[in-house]
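The values are calculated or read from the model by the stated rules, or taken from the named source; none is laboratory data. Treat the numbers as computed from the prediction; the structure is a model and nothing was measured. We place every Cβ from the backbone using ideal geometry, glycine too, and count neighbours over all the protein chains shown.
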Amino acid sequence: MIGIFIALLSGALMSLQGVFNTQVTKSTSIWVSAAWVQFSALIICLVAWFFCDRTSFGGILTLEPKYLLLGGVIGAFITYTVIKSMESLGPAQAVMLILAAQLIVAYLIELFGLFGVEKAAFEWRRLLGMGICIGGIILFKWE
């Protein structure tokens with residue numbers, strides 16, 4: 001149950017962040033906005049680490065495979081693409097397309113067991129669920 005709540009909170013926060021970042025971009029630039037997002041996230045993470053975790057940063061040096069350390073790089077491009085999509089499509093339509101892409105890519109990662117994720121069996125009901133999601137986007141966009 002807690003996982004469901006956290007996932008819903010994450011989705012709500014992602015939508016808010018996208019709107020906030022798009023508005024900040026109007027007063028600065030997209031890369032200044034993205035840099036501020038990443039910098040402020042770094043500060044919050046360091047404060048949380050200091051008070052909550054205190055695990056050594058040394059584990060990062062021994063992590064294999066090294067490409068798993070690209071999360072921050074990907075995060076910068078996520079910030080950029082969310083801002084640009086919300087700017088051109090509006091928050092609701094952008095979030096629907098972002099979520100559909102997340103769902104499809106996440107299922108493919110599970111299906112093929114990529115990046116250390118346990119491989120999942122193909123299920124028609126999951127494919128149907130993605131189809132319904134995409135149908136909802138089409139319905140939402142329909143004029």
Subset of region 47-60, residues surrounded by fewer than 10 Cβ atoms within 10 Å (Cβ to Cβ) and in a helix (DSSP H, G or I), comes to PHE50, PHE51, CYS52, ASP53, GLY59
Next item on the list: For ILE98, state whether it is surrounded by 14 or more Cβ atoms within 10 Å (Cβ to Cβ), at pLDDT below 90 and either of a type outside the set (A, V, I, L, M, F, W, C) or within 19 Å of GLY11 (Cα to Cα) (or both).
Entry: no
Per the filter on region 82-109, residues free of Cβ contacts under 8 Å to residues at least 12 places away in the same chain and in a helix (DSSP H, G or I) are SER88, LEU89, ALA101, GLN102, VAL105, ALA106, LEU108, ILE109
LEU97 vs (1) closer than 26 Å to LYS26 by Cβ; (2) assigned by TED's automatic domain parsing to the domain that holds THR22: all pass except (2)
If we ask which residues in region 110-143 are part of a helix (DSSP H, G or I) and farther than 30 Å from GLY90 by Cβ, their number turns out to be 8
Those residues of region 71-93 that are over 21 Å from ALA35 (Cβ atoms) and surrounded by 15 or more Cβ atoms within 10 Å (Cβ to Cβ) come to a total of 3
So LEU111, is it over 19 Å from the mean Cα position of the chain (by Cα), aliphatic (A, V, I, L, M), farther than 27 Å from ASN21 by Cβ and surrounded by 10 or more Cβ atoms within 10 Å (Cβ to Cβ): yes
